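To start, the structure under review is shown below, and the notes come after it.
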Amino acid sequence: MSSTPNPAEDVHATDAGALPRWVILLFAVAFVLVGYLLYASYSQNQALQKGLADANKKSMTLVAEIDKTNTRVADLKGKLDVTSQKLGLTQDELARARGLAQSLKKEQQQNDQRLRQEIGQVESDTSTKFGQVATEISGTKSDVAATKADLEATKGKLQSTLGDLGVQSGLIARNHDEVQELKRMGERDIFEFTLTKSANAPQHVGPIQVQLRKVDTKKYRFTLNVVVDDKSIEKKDKTVGEPVQFYVRGARAPYEIVVFEVSKVTAKGYLSTPKSAGAAPPATPPPAN
């Protein structure tokens, strides 16, 4: 006997065999999410392991450095102990050394203080002496200025003229006082003389010899023989106050004889020579005729 199909049973079988689409989509999303979480967890785990490895490596490096440092400290401590033993220093000895250093420092400070006081005293004495010296120098300057003024006044009194050789002479003295002024000025060597008329006996005047041969008191003239360099030079009819000039071997400037006063048998005056010429040896008089 044949059976007749039931439509209600076919519909129920179809609904039970097919899942809804949204359920499948939900499963897919859940699967992707779980995969992502697993990958993220794995990556984080790998990073943590790498960081841990780096940290372990650094820790090992630090431990090695600390070991080296400890070894060095131990070596230094050992060397220090050996050095201390060699020096034989104790705490008491160190304390005595510090005390000695303090004593030396205190003594040095006292010495410095005493030295500063002595320096202050010396400076005070020096200032006082300097003031005295300055006063003396001031007085000396005044004396020098007065002397200079006196010499300038003397130069104004003295005269300069041409000698008998046509050479400009120095200052001319006309009496004994002016001769002394010439000496005081020190520009040339001065030898004052009083000659006596003689026929054959020259007189020493400084480094030379001079013979008075003739005197004319009315015309104020005179005649001389000058003996120098082993020869006799005649100076005839010269006038009182006239520079009688002649050259001496080795001298660049002429010697000068000035007669400022005559009598019947004498002539007074002076010999003027360049500086240091007075040390020349006296001339030898010529043989008598």
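Here are some notes:
- Of the residues Ile233, Ile190, the single one that is open to solvent by less than 30 Å² (accessible area, probe 1.4 Å), among the β-branched types (Val, Ile, Thr) and in a strand (DSSP E or B) is Ile190.
- Residue check, Arg252 open to solvent by 20 Å² or more (accessible area, probe 1.4 Å) and farther than 27 Å from Ser276 by Cβ: no
- Here the condition is being surrounded by 17 or more Cβ atoms within 10 Å (Cβ to Cβ), under 49 Å from the mean Cα position of the chain (by Cα) and either modelled with pLDDT under 90 or not in a helix (DSSP H, G or I) (or both); of Leu195, Leu171, Leu212, it holds for Leu171 alone.
The values are calculated or read from the model by the stated rules, or taken from the named source; none is laboratory data. Note that the structure is predicted; figures quoted are calculated from it, not measured. Ideal geometry is used to build each Cβ from the backbone, glycine not excepted, and the neighbour counts take in all protein chains shown. Keep in mind that these areas ignore ligands, DNA and RNA; they rest on the heavy atoms of the full protein, side chains included. Shrake-Rupley method; radii C 1.70, N 1.55, O 1.52, S 1.80 Å.
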